[in-house]
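What follows draws every value from the coordinates through simple rules; no lab data is involved. Nothing here was measured: the structure is a model prediction, and the numbers come from that model. So basically every Cβ, Gly included, is an ideal-geometry build from the backbone, and we count neighbours across all protein chains shown.
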Amino acid sequence: MFKRSKWRIVAAIMSALALLFAGTLAVIYISSYREVSTTNRSMLERYAQLYAPQSRPEEHFRSPAEQEPFDDPRRPKGSRFEDTPAFRLSTFYSVAVSKDDESVINVDNSDNEIYTDEELEEYALEVIEEGKSYGTKERLIYVCVDKGSYTLAAFMDNTIMQDSVTTLFRYTLIFGGMAMIVLFFAAMILANRIVRPLEESYKKQKQFISDAGHELKTPVSVVSANAEMLRREIGENNWLSNIQYENDRMGALVTQLLELARTENVKPEMSNVDLGRIVMGETLPFETVIFENGLKLQTNIAQNINVSGNAAQLSQLASILLDNAIRHSRAGGTVYIDLHREKQHAVFSVTNEGTPIADEELSQLFERFYRADKARSGEDNHYGLGLAIAKAITEAHRGHISVACHDGLVAFTVKIEIS
């Protein structure tokens, strides 16, 4: 139980940290990408704004006196955008295409051999035909600008930006992953510290129940013996009958407390047992009780389902669930008993037609001394320990027990791994 609680705490901590890390990584990546993309687009737009086809390549750009003002918040006041180091170091390409016959007027390849003139012409015609003013093509970003008699397709090499952002993302993932591993072990230490006081308190509680049961067993036996001797001396007496009745109830409670303590604290001796035979053996004695209470019984018990378990405890588990179903069935209802194989598990369920149980009560049914029927206070020698014992037996067999309530049916289901 506490082991699962530790892992749940660790899972909760790591989930929160993973979400925080993912959110931080997304913000860093998106903001960095947007910042670089905006800067590159501004430079490319300025490049396209300055472009003017001349007879010589060095005259493709207008003189400073002819240039239109271009304001960008990232550059110092009073400086020109094209004078920044980023602009001067960037690689630009341009293709001017005539509007009349869609012929290429000029190609500026920036004196490098990364892209041929033919490739740039093909890219330019494609992006102009698409009709977009801005976008990406291969590893290039582009803008298309109407220059009057021709359309300019300006390109900028985006390789450095993509590599920089990818490197940032990769190293953030690496160091973030290393940090998550360190935080995982820190979460384990924290979870142990959180659960340790609860675990110690639970152990003390179990020890108290065991000690109290043993201590009460002797006086209950003494009171019972003395009451019997007194009856022989004075005969039947109402006061004596009340003492004996209450003492019997106390004895039943002590027996259940000891049974619970033994189930939780003592590891049972396991062997290969046929769960079908055990369930059938426990069902037969209850048939008379079921019919005496005006109930009907339907069984579907598969045979040859072997599990590694303790036969006595598994018999007690079946008995508890059957008794619980009978006591909480409505008049004339049906008790359904089912045992079948489901993949690598034996699934044993006991279902009865009874009063619906509220969702907030379902999770408490396996708690000690919890009784869904508050009006009954142990006069039937049931003190809310039966289902707690059933849960302890199931967990001792590394199984799982659950309860579901739907359509007027209350079903208790036990899953135990098949040996």
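Tabulated results
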| item | result |
| --- | --- |
| Stokes-Einstein D in µm²/s, Kirkwood radius over Cα pairs - region 214-319 at 20 °C with 1.002 mPa s viscosity | 124 |
| Nearby lysines by direct alpha-carbon distance to residue 343 (threshold 21 angstrom, same-chain neighbours under 8 apart not counted) | 415 |
| Estimated FRET transfer efficiency (residue 215, residue 245; beta-carbon r; R0 22 Å; 0.05) | 0.50 |
| Beta bridge orientation in the chain: antiparallel %, DSSP, nearest 5 | 90 |
| Percent RCO, i.e. relative contact order, over region 189-263, from Cα pairs under 8 Å lying at least 6 residues apart | 47 |
| Largest-first ellipsoid semi-axes for the chain, taking √(5λ) over the Cα gyration tensor eigenvalues, angstrom | 86, 25, 19 |
| Karplus-derived 3J(HN,Hα), 6.51/-1.76/1.60, for each residue of region 279-294, Hz, glycine and proline x | 5, 5, x, 7, 6, 4, x, 7, 4, 5, 5, 5, 5, 5, 8, x |
| Exposure proxy order (Cβ contacts within 10 Å, fewest to most) of 287, 45 | 287, 45 |
| Nonlocal amide H pairs with residue 334, under 5 Å, H built at 1.01 Å | 296, 353 |
| For region 268-417, projected area of the alpha-carbon convex hull averaged over all directions, nm² | 8.7 |
| Burial ordering of 51, 93, fewest other beta-carbon atoms within 10 Å first | 51, 93 |
| Pairwise FRET efficiency - residue 118 versus residue 29, Cβ, R0 = 30 Å, nearest 0.05 | 0.25 |
| For region 151-231, projected area of the alpha-carbon convex hull averaged over all directions, nm² | 12.7 |
| Dipole of the chain, positive direction: furthest Cα of 279, 127, 345, with charges on the beta-carbon | 279 |
| Ranked 335, 95, criterion: other C-beta atoms within 10 Å, fewest first | 335, 95 |
| Volume in Å³ per residue [convex hull over Cα atoms, computed for region 278-318] | 67 |
